[in-house]
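Everything on this sheet refers to the single structure shown next.
The values are calculated or read from the model by the stated rules, or taken from the named source; none is laboratory data. Just so you know, these numbers come straight off a predicted model, no measurement behind them. Here the Cβ positions follow ideal geometry from the backbone for every residue, glycine too, while neighbour counts run over all protein chains shown. Surface accessibility is based on the protein's heavy atoms, side chains included, excluding ligands, DNA and RNA. Shrake-Rupley method; radii C 1.70, N 1.55, O 1.52, S 1.80 Å.
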Amino acid sequence: MKKQICLGIESTAHTFGCGIVSFDGEILANERAVYTSQEGMIPDVVREHHKTHADKVINDALQKSEISWKEISLIRFSQGPGLAPSLVVGKDKAIELAKKHNKPLIGINHCVAHLTIGNLVTGFKDPVYLYVSGVNTQVIALENKKFRVFGETLDIGLGNALDKFGRTANLGFPAGPKIEELAKKGKYIEFPYSVKGMDVSFSGIMTKAQQLIKKEKVEDLCYSFQETSFSMLCEIAERALAYTNKKELLLIGGVAANKRLNEMLNLMCEARNVEYKPVPIQYTGDQGAMIAWQGILEFKAGRKDNLNVDIKPHERTDDVEVIW
Ligand code: ATP
Ligand code: FE2
């Protein structure tokens, strides 16, 4: 029987991506172009970046997967949350292609797609998700047909906190990998440990690390920053596991690359008899395969309308009803 296939387009922020995924979950292509700049994300510049790269990224994905437009059953695009100027590029391109090739089109929630691609590539069914990226730090789990945010950072995401400290200490950008390296040779200095229920706060650690740059060895600051912030993450993840009684913990987001964080979460999970996995690094960042896969899940569950294809820059994870 002919395989059914979905093409997914991602453009919520710095990445324009296109993924091609079969209905049984095989990722056939996952191409992207990432806007990078020291000045941060200037909306007009990001929009132009995406416009310039869109056709090439999509054509590369089709070529890599050896799939023709005839074989594509659905087109899906990320509808939000995100930066409106970036989102519009993906939406317009998706509408153009859906009309040209006569394919059904639906918008997808980007954050939910980050979670469900994690399940696809790890084989997990119903984990607690610890989502630690630049911007986000959240503990999420499925409860009563919604992905609920049980806890989150009250100020900045851990990745951004690491990067800001790194900027002050001249460690380059992004600073996470360099901090991980330096931390291997560090000793512990006490840093502010801040957990409130299932919420965390990182600004105290960041400020203290920045203040001590001239007084302490950078290795000790990196080590202490990591040990303190990662212990906080272990505590809130453990609390969410205890509360929900789930038996799997999935780490997602760019900070998932950190070996020490993985080691600490793994130890905590072993002690609780919970299975632990990080998302493989190529699926932690923004990409189109997650949009395609989420589209397939919703399609299989019966979501077939293609009426609302406007962008939703502020759509929350728990706005989406989990029907699949
Ligand atoms: P989103 O908008 O989807 O939340 P993002 O762009 O904010 O994504 P990601 O691309 O998921 O973030 O992750 C980038 C962050 O991960 C950076 O802050 C970077 O410093 C951090 N990071 C990358 N590698 C490591 C590492 N080995 N250890 C710690 N942090 C890391
Ligand atoms: Fe994202």
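Looking across region 263-298, the residues that are among the acidic types (Asp, Glu) and touching a residue at least 40 places away in the same chain (Cβ under 8 Å) come down to Glu275, Asp286, Glu298. For region 237-255, taking the residues that are assigned to a helix (DSSP H, G or I), within 17 Å of Leu142 (Cβ to Cβ) and not small (Gly, Ala, Ser), the one that is most open to solvent (accessible area, probe 1.4 Å) is identified as Tyr243. Taking region 257-286, which residues are at pLDDT below 95 and open to solvent by less than 10 Å² (accessible area, probe 1.4 Å)? Result: no residue meets the conditions. Of the listed requirements (1) touching a Ser or Thr at 6+ places or on another chain (Cβ under 6 Å); (2) farther than 28 Å from Leu28 by Cβ; (3) not in a helix (DSSP H, G or I), Lys215 misses just one: (1).
Do we have any residue at all in region 144-152 that's farther than 24 Å from Asn266 by Cα and either within 15 Å of ligand 2 (Cβ to nearest atom) or of a type in the set (Gly, Ala, Ser) (or both)? There is no residue in region 144-152 that is farther than 24 Å from Asn266 by Cα and either within 15 Å of ligand 2 (Cβ to nearest atom) or of a type in the set (Gly, Ala, Ser) (or both). Which residues, counting only those in region 188-207, are open to solvent by less than 40 Å² (accessible area, probe 1.4 Å), more than 19 Å from Val139 (Cβ to Cβ) and assigned to a loop (DSSP other than H, G, I, E, B)? Once the filter is applied, which keeps residues that are open to solvent by less than 40 Å² (accessible area, probe 1.4 Å), more than 19 Å from Val139 (Cβ to Cβ) and assigned to a loop (DSSP other than H, G, I, E, B), region 188-207 yields Ile189, Phe191.
Could you tell me whether any residue of region 172-180 is open to solvent by 50 Å² or more (accessible area, probe 1.4 Å), closer than 17 Å to Gly254 by Cβ and among the hydrophobic types (A, V, I, L, M, F, W, C)? Yes, region 172-180 contains a residue that is open to solvent by 50 Å² or more (accessible area, probe 1.4 Å), closer than 17 Å to Gly254 by Cβ and among the hydrophobic types (A, V, I, L, M, F, W, C). For region 287-310, enumerate the residues that are open to solvent by less than 40 Å² (accessible area, probe 1.4 Å) and either touching a Cys at 6+ places or on another chain (Cβ under 9 Å) or modelled with pLDDT of 95 or more (or both). Listed by number, the residues that qualify are Gln287, Gly288, Ala289, Met290, Ile291, Ala292, Trp293, Gln294, Gly295, Ile296, Leu297, Glu298.
Restricted to region 5-20, and to residues there that are over 18 Å from the mean Cα position of the chain (by Cα) and more than 8 Å from Ala61 (Cβ to Cβ), the residue that is surrounded by the most Cβ atoms within 10 Å (Cβ to Cβ) is Cys6. Counting only strands (runs of 3 or more DSSP E) that sit wholly inside region 1-95, those with at least 1 residues that are closer than 27 Å to Gly134 by Cα and among the acidic types (Asp, Glu) are 5-10, 27-34. For first residues located in region 126-154 and under 27 Å from His14 (Cβ atoms) and in a loop (DSSP other than H, G, I, E, B), partners that are away from ligand 1 (no atom under 13 Å from the Cβ) and open to solvent by less than 10 Å² (accessible area, probe 1.4 Å) and lie 6+ apart or on another chain with Cβ distances below 9 Å form the pairs Pro127/Ala141; Pro127/Leu249; Pro127/Leu250; Leu154/Val200. Tell me yes or no: at least one residue of region 113-129 is modelled with pLDDT under 95 and either assigned by TED's automatic domain parsing to the domain that holds Glu315 or open to solvent by 10 Å² or more (accessible area, probe 1.4 Å) (or both). No, region 113-129 contains no residue that is modelled with pLDDT under 95 and either assigned by TED's automatic domain parsing to the domain that holds Glu315 or open to solvent by 10 Å² or more (accessible area, probe 1.4 Å) (or both).
Report yes if some residue within region 27-49 is loosely packed, with under 14 Cβ neighbours inside 10 Å, under 28 Å from Ser73 (Cα atoms) and away from ligand 1 (no atom under 16 Å from the Cβ); otherwise report no. No, there is no match, as no residue in region 27-49 is loosely packed, with under 14 Cβ neighbours inside 10 Å, under 28 Å from Ser73 (Cα atoms) and away from ligand 1 (no atom under 16 Å from the Cβ). Looking for something among the acidic types (Asp, Glu) and farther than 23 Å from Phe23 by Cα - is there at least one such residue anywhere in region 70-93? Yes, region 70-93 contains at least one residue that is among the acidic types (Asp, Glu) and farther than 23 Å from Phe23 by Cα. For region 148-158, the criterion of being within 18 Å of Asn258 (Cα to Cα) and within 10 Å of ligand 1 (Cβ to nearest atom) is met by at least one residue.
Checking Leu7 against (1) more than 16 Å from ligand 1 (Cβ to nearest atom); (2) of a type outside the set (Ser, Thr, Tyr); (3) over 18 Å from Trp293 (Cα atoms), which test does it fail? Condition not satisfied by Leu7: (3).
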